[in-house]
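For reference, the structure is listed below as structure tokens.
The values are calculated or read from the model by the stated rules, or taken from the named source; none is laboratory data. Computed from a predicted model, the values in this text were never measured in an experiment. Quick reminder, even Gly has a Cβ in these numbers, built from the backbone with ideal geometry, and neighbours come from all protein chains shown. For accessibility, only protein heavy atoms count, side chains too; no ligands or nucleic acids. Shrake-Rupley method; radii C 1.70, N 1.55, O 1.52, S 1.80 Å.
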Amino acid sequence: MLPQYWLAITRRKDLLDTETRDSWWCLPQRANVGDRVLLYCPRSVSPKFQGVFAEAEVDVDTRSQKPGGSPCSGYVSDLNEGLAYMEIRVIRRFDSALTAQRMKNDPLLAEMRAVRRNFQGTIFTLDVNTYERMQFLLSQPGE
């Protein structure tokens, strides 16, 4: 199965503190182990890490282990589907974050739902072209 790609808007400072880290995130019900999650930090949380600062991978599907008791139960994403508690593992930090301004200046990324909504939300789906464009920009020196 091919991985799916997600953009998580995090206000959790614990994800900013270490190089790699095991943690969790509320992802749409259709998420699977092996999916990739780009972590975005708003400037209001940390000017140092503002932007897409790391990539995580869904490591463990805990849906069957936490039925009904999940911190995600009762929440619905703007994708109109319930969210599931999934364990993630930060697999890399980027040398230079992909800032909101760089995304707004890029013709493809400017059309992303997250950008159009000014990163108001928790989780956004990314198609493969958008994910690859973000990876390309993340490999380039920041402005």
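For the range 1-58, a residue qualifies if it is hydroxyl-bearing (Ser, Thr, Tyr), open to solvent by 20 Å² or more (accessible area, probe 1.4 Å) and either modelled with pLDDT under 90 or over 23 Å from residue 129 (Cα atoms) (or both), and the qualifying residues are 18, 20, 44.
Taking the conditions exactly as written (crowded, with 19+ Cβ neighbours inside 10 Å and under 13 Å from the mean Cα position of the chain (by Cα)), does residue 124 satisfy them or not? Break it down stepwise before answering.
Working: crowded, with 19+ Cβ neighbours inside 10 Å: yes; under 13 Å from the mean Cα position of the chain (by Cα): yes.
Yes, satisfied.
Beta carbons closer than 8 Å, at least 6 apart along the sequence or on distinct chains, pair a first residue in the range 73-97 that is modelled with pLDDT under 90 with a second that is assigned to a loop (DSSP other than H, G, I, E, B) and of a type in the set (Phe, Trp, Tyr) for 82/75; 83/75.
Checked against the criterion of being among the β-branched types (Val, Ile, Thr) and within 18 Å of residue 46 (Cα to Cα), the range 81-88 contains not a single residue that satisfies it.
A search for C-beta distances below 6 Å between a residue of the range 119-143 that is farther than 12 Å from residue 99 by Cβ and any residue that is open to solvent by 70 Å² or more (accessible area, probe 1.4 Å) and not polar (S, T, N, Q), counting only pairs 6+ apart in sequence or on different chains, returns 124/113; 133/108.
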